[in-house]
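Trainee: I'd like to ask some things about the structure below.
The values are calculated or read from the model by the stated rules, or taken from the named source; none is laboratory data. Quantities reported herein were computed from a predicted structural model and do not represent experimental measurements. Don't worry about glycine lacking a Cβ; one is built from the backbone with ideal geometry, like all the others, and counts go over all protein chains shown. Side chains are part of the model used for accessible areas, which takes the heavy atoms of the whole protein and leaves out ligands, DNA and RNA. Shrake-Rupley method; radii C 1.70, N 1.55, O 1.52, S 1.80 Å.
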Amino acid sequence: MNTYPTLLSPLAIPHADGTQTLLRCRVLMGSMHTGLEEKPDGIARMAAFYAERARGGAALIVTGGLSPNAEGNMWAGMRTLASAADAAPHREITDAVHAHGALVAMQLLHAGRYAHHDQGVAPSARKSPLSAVTPREMSEADIQRTLDDYARAAVLAQGSGYDGVEVMGAEGYLINQFAAPRANQREDAWGGSAENRMRFAVEAVRRVRAATGPRFLLIYRLSMLDLVEGGCTWDEVVQLARAVQDAGASILNPYVGWHEARVPTIATLVPRAAFVALTARLKRELRVPVVASNRINDPALAESILARGDADLVSMARPLLADADFVNKASAGRADEINTCIACNQGCLDAALSGQLTGCMVNPRACRETELVIEPAAQRRRIAVVGAGPGGLAAATTAAERGHDVTLFDAAPRVGGQFNLAQRIPGKEEYAETLRHYATRLERAGVRQVLGARAEPATLAAGGFDHVILATGVRARTPELPGVDLPGVVGYAEVIEGRCEPGARVAIIGAGGIGFDVAELLTHEALGAADEGAHFAATWGIDFSVAARGGLVPPAPPQSPRHVWLLQRKDETPGKRLGKTTGWIRRALLGRRGVHQWAGVAYERIEAQGDALALHLRVRGEPRVLVVDTVVLCAGQDPDNALAPALEAAGVPVTAIGGARFAAELDATRAIDEGVRLAASL
Ligand code: NAP
């Protein structure tokens, strides 16, 4: 029986001439800039990347955005789609996708004032908060030329075998800048009234349609909720959506939030499908198919959205980075094997915005399809994996799936390692999905699990293993500080696992990833909201009625249950090294709840003071005493690789990965990557 009948059913996209394009299911792979676009061998690698997603069952793939001209590039020197020479190599991509029965559309993205170079242009000469450069205001001639560039790019895409284009009109890029007063102060025919502001969007769609004929797919990416002051009102959004529909758009793909918005829209703490009710509201105003997107990562959720009629298609971008076979697994009754996107942003957006190649924390092969190839092992070997955290799980499953005989050891009674802690942090519940996925794979690949007892060197040495993978992870560091052994001074694991109840005043020593997690756990507010979605909206001041411009209202006043100090020795903004796209969210939440984030701290001692603790410290040389009920130690980690010397002495080939190899700057991305790469090589 098909568990996802609507998700897996085809959808006909009607064209103005009475013909239609058939999508084989309701999954559109959303556009992501991967960084492959800029690689010398990028075309071949993109072809492999998209082909894997096409083979995995997606119906329609939208590529990363290319600008129709050089001014519209995000960074100088990026690949554009402005000439026949630009377009010709793309045939390799379209052929690769078509070979697996999917369709592919090229996204046309003009960055406008988000350009990080001095050729940037925009409706008005107003710098965005994210840019260092003020754009040049577009003249009438610039506007006409740029609109023609969209049409030319679409024709070039069509000539290279693309089935359509997506015109990027959201996320605060050029077309969105024209649409909203925030970035458009023009007083000519392209600014002022709503009709004038949307003229650029409508004209771009009209010219693309005119140039490409009636049967070319034209997806319009619409900003349905800007989440910035000076954004559009709901009436304007609907007016724009209808106008681009009438101008020739065949699919409307609504999105939420400008890049400069200070409201999270896709991070893991955003509830799943948080914005779908708004998509449904928009759909009621339109006749063309409408796409639901933002935090949809699960086939059952996608099915419910589509079955309710809230949307006609679902867009998944990061979920197909995490698992290229998402659709095939759903249709084969193997949804429990899906490697779910947990929306951590670490491997993808954080990497992309740091100028690195996009990847995926839970899938090291993403964008490395041609380089990290996992093939059946030439010879079956006996492999022990010690430690069942993310790195060990990745190694054990990959090795077993290649045909090796694998035994997985962990001292804890269940697998998961540090992810068992992460999933207990409010807003990180998705981490449980990674463990569910590994549990299924361990079972299916026949990995023997020896849990609940430390693996001893003698047992391992006597086990006849051809190779031991040490994924024993890290040990929490206890700082050398007088009073650190007093009652009331506790480790982070005790707090996160609920083995102790911190008091009302808490000092946290160490403001790394775990210090922030503990602060979040200890100050998370019960706002009394009816559900997760209402809590999210109240916390971030989202007005889902979009009565005010941009859909913003004042957030609910903070109500932290505790008074917390988050401390670090480095004299730099705490949380500066957290993820580029998520660190600001975590700092903002704690800041609003009154968490003191102190840098430049020197710890001196902890003393008992009645029932409380006095933490003596200096802040940039100034002596201070914090009187608190609990001190939580989040002072980093040391490698836990004690087994290595004994195994080496016994002549057992042993390789350490993840934290056991090197604890500093450890994150799960590296641990999983090392696990998969090692297992792929054995
Ligand atoms: P971490 O990020 O390295 O932070 C350790 C903290 O302890 C730092 O603030 C450090 O700052 C402080 N510290 C180090 N040695 C100390 C000492 N001897 N005495 C007092 N303070 C000391 O490590 P973590 O927080 O334990 O996290 C471990 C890893 O898990 C991280 O690297 C991270 O990648 C991952 N993780 C990530 C997230 C996330 O949100 N992305 C969340 C949790 C964990 P000072 O030296 O300046 O005091």
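Trainee: Pull up the stretch 482-494, narrow it to residues that are among the aliphatic types (A, V, I, L, M) and over 12 Å from CYS634 (Cα atoms), then point me to the one that is farthest from the ligand (Cβ to nearest atom).
Mentor: Only one residue tops the list, namely LEU486.
Trainee: May I ask you to list the residues in the stretch 556-580 that are open to solvent by less than 30 Å² (accessible area, probe 1.4 Å) and either more than 15 Å from the ligand (Cβ to nearest atom) or over 15 Å from GLN597 (Cα atoms) (or both)?
Mentor: The answer is GLY579, and nothing else.
Trainee: What residue, among those in the stretch 193-210 that are among the small types (Gly, Ala, Ser) and open to solvent by 50 Å² or more (accessible area, probe 1.4 Å), is farthest from MET106 (Cα to Cα)?
Mentor: Only one residue fits best here, namely SER193.
Trainee: Determine if the stretch 564-578 includes at least one residue that is in contact with a helix residue (DSSP H, G or I) (Cβ under 7 Å, 6 or more places away or on another chain) and of a type in the set (S, T, N, Q).
Mentor: No, every residue in the stretch 564-578 fails to be in contact with a helix residue (DSSP H, G or I) (Cβ under 7 Å, 6 or more places away or on another chain) and of a type in the set (S, T, N, Q).
Trainee: MET224 versus (1) open to solvent by 10 Å² or more (accessible area, probe 1.4 Å); (2) touching a residue at least 24 places away in the same chain (Cβ under 8 Å): which is the lone unmet condition?
Mentor: Result: MET224 passes all but (1).
Trainee: Go through the stretch 145-172 and give me each residue that's open to solvent by 20 Å² or more (accessible area, probe 1.4 Å) and part of a loop (DSSP other than H, G, I, E, B).
Mentor: ASP163, GLU171
Trainee: What is the residue count in the stretch 1-18 for residues that are more than 15 Å from LEU60 (Cα to Cα) and either among the aliphatic types (A, V, I, L, M) or touching a Cys at 6+ places or on another chain (Cβ under 8 Å) (or both)?
Mentor: 2
Matching residues to (1) surrounded by fewer than 16 Cβ atoms within 10 Å (Cβ to Cβ); (2) more than 15 Å from the ligand (Cβ to nearest atom):
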| residue | (1), (2) |
| --- | --- |
| LEU451 | yes, yes |
| ALA455 | no, yes |
| HIS467 | no, yes |
| LEU470 | no, yes |
| GLU480 | yes, no |
| ILE496 | no, no |
| ILE508 | no, no |
| GLY512 | no, no |
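Trainee: Please list, ordered by first then second residue, the pairs with beta carbon atoms under 8 Å, 6 or more apart or interchain, first in the stretch 9-29 and closer than 19 Å to THR212 by Cβ, second of a type in the set (D, E, K, R).
Mentor: Matching pairs, first to second residue: HIS15/ARG215; ASP17/ARG215; THR19/ARG215; THR21/ASP163; THR21/ARG215.
Trainee: Look through the stretch 514-555, keep the residues that are among the β-branched types (Val, Ile, Thr) and open to solvent by less than 30 Å² (accessible area, probe 1.4 Å), and return whichever of them is farthest from ALA614 (Cα to Cα).
Mentor: Ranking the candidates gives VAL546 first.
Trainee: For residues that are part of a helix (DSSP H, G or I) and in contact with a Lys or Arg (Cβ under 6 Å, 6 or more places away or on another chain), tally how many sit in the stretch 369-425.
Mentor: Within the stretch 369-425, the first condition is being part of a helix (DSSP H, G or I), and the residues that meet it are 390-401, 418-422.
With in contact with a Lys or Arg (Cβ under 6 Å, 6 or more places away or on another chain) added as a condition, the list becomes 397, 422.
Looking only at that region, the number is 2.
Trainee: Right, here's the next one. List, please: which pairs have Cβ atoms under 8 Å, are six or more places apart or on different chains, and start with a residue in the stretch 127-144 that is outside any strand (DSSP E or B) and end with one that is acidic (Asp, Glu) and open to solvent by 60 Å² or more (accessible area, probe 1.4 Å)?
Mentor: Qualifying pairs under 8 Å: VAL133/ASP118.
Trainee: If you don't mind, there's one more thing I want to ask. Would you mind finding the one in ALA300, ALA332, ALA307 that is farther than 25 Å from PRO254 by Cα, small (Gly, Ala, Ser), surrounded by fewer than 17 Cβ atoms within 10 Å (Cβ to Cβ) and modelled with pLDDT of 95 or more?
Mentor: One residue alone meets the criteria, ALA332.
Trainee: Quick one: PRO5 ticks every box in (1) without any contact (Cβ under 8 Å) to a residue 40 or more places away in the chain; (2) open to solvent by 30 Å² or more (accessible area, probe 1.4 Å) bar one, so which box is it?
Mentor: Of the numbered conditions (1) without any contact (Cβ under 8 Å) to a residue 40 or more places away in the chain; (2) open to solvent by 30 Å² or more (accessible area, probe 1.4 Å), the odd one out for PRO5 is (1).
Trainee: Further question: Output the residues belonging to the stretch 67-95 that are in a loop (DSSP other than H, G, I, E, B) and either loosely packed, with under 15 Cβ neighbours inside 10 Å or without any contact (Cβ under 8 Å) to a residue 12 or more places away in the chain (or both).
Mentor: Result: TRP75, ALA76, GLY77, SER83.
Trainee: Condition first: of a type in the set (A, V, I, L, M, F, W, C) and either open to solvent by less than 10 Å² (accessible area, probe 1.4 Å) or over 17 Å from MET316 (Cβ atoms) (or both). Now tell me which residues in the stretch 335-351 satisfy that.
Mentor: Once the filter is applied, which keeps residues that are of a type in the set (A, V, I, L, M, F, W, C) and either open to solvent by less than 10 Å² (accessible area, probe 1.4 Å) or over 17 Å from MET316 (Cβ atoms) (or both), the stretch 335-351 yields ILE338, ILE342, ALA343, ALA351.
Trainee: Could you figure out which of (1) crowded, with 18+ Cβ neighbours inside 10 Å; (2) not assigned by TED's automatic domain parsing to the domain that holds GLY101 isn't true of ARG262?
Mentor: (1)
Trainee: I need a count of the residues in the stretch 1-47 that are aliphatic (A, V, I, L, M) and out of contact with any helix residue (DSSP H, G or I) (no Cβ under 8 Å at 6 or more places or on another chain).
Mentor: Residues flagged as aliphatic (A, V, I, L, M) and out of contact with any helix residue (DSSP H, G or I) (no Cβ under 8 Å at 6 or more places or on another chain) within the stretch 1-47 amount to 8.
Trainee: Follow-up question, since we're still on this one. For the stretch 508-528, how many residues meet the condition of being in contact (Cβ under 8 Å) with a residue 12 or more places away in the chain and either out of contact with any strand residue (DSSP E or B) (no Cβ under 8 Å at 6 or more places or on another chain) or at positive phi (or both)?
Mentor: Selection size over the stretch 508-528: 11.
Trainee: I would also like to ask the following. Given the conditions (1) under 18 Å from the mean Cα position of the chain (by Cα); (2) closer than 29 Å to ALA332 by Cβ, report the number of the one that GLY35 does not fulfil.
Mentor: (2)
Trainee: Then there's this: Check every one of the strands (runs of 3 or more DSSP E) wholly within the stretch 590-682 and list those with 3 or more residues that are open to solvent by less than 40 Å² (accessible area, probe 1.4 Å), modelled with pLDDT of 95 or more and within 13 Å of the ligand (Cβ to nearest atom).
Mentor: Filter on the stretch 590-682 gives 612-619, 630-633.
Trainee: Going by the conditions given, is THR358 out of contact with any Asp or Glu (no Cβ under 9 Å at 6 or more places or on another chain), among the hydroxyl-bearing types (Ser, Thr, Tyr) and part of a loop (DSSP other than H, G, I, E, B)?
Mentor: Criteria met by THR358.
Trainee: Same structure, new question: It is to be established whether one or more residues within the stretch 39-57 are modelled with pLDDT of 95 or more, touching a Cys at 6+ places or on another chain (Cβ under 8 Å) and either at positive phi or assigned to a loop (DSSP other than H, G, I, E, B) (or both).
Mentor: Checking the stretch 39-57: at least one residue is modelled with pLDDT of 95 or more, touching a Cys at 6+ places or on another chain (Cβ under 8 Å) and either at positive phi or assigned to a loop (DSSP other than H, G, I, E, B) (or both).
Trainee: Let me ask another. Just give me the residues in the stretch 418-431 being touching a Leu at 6+ places or on another chain (Cβ under 8 Å) and within 11 Å of the ligand (Cβ to nearest atom), in sequence order.
Mentor: Selection gives PHE419, ILE425, GLY427, LYS428.
Trainee: Now, a different point. Quick check, is MET316 modelled with pLDDT of 95 or more, within 16 Å of the ligand (Cβ to nearest atom) and open to solvent by less than 10 Å² (accessible area, probe 1.4 Å)?
Mentor: no
Residue-wise test of (1) out of contact with any strand residue (DSSP E or B) (no Cβ under 6 Å at 6 or more places or on another chain); (2) of a type in the set (Gly, Ala, Ser).
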position: ALA614; (1), (2): no, yes
position: GLU622; (1), (2): yes, no
position: VAL625; (1), (2): no, no
position: ASP629; (1), (2): no, no
position: PRO645; (1), (2): yes, no
position: ALA650; (1), (2): yes, yes
position: VAL654; (1), (2): no, no
position: GLY659; (1), (2): no, yes
position: ALA668; (1), (2): yes, yes
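Trainee: State whether one or more residues within the stretch 346-368 are farther than 18 Å from THR669 by Cβ and in contact (Cβ under 8 Å) with a residue 12 or more places away in the chain.
Mentor: There is no residue in the stretch 346-368 that is farther than 18 Å from THR669 by Cβ and in contact (Cβ under 8 Å) with a residue 12 or more places away in the chain.
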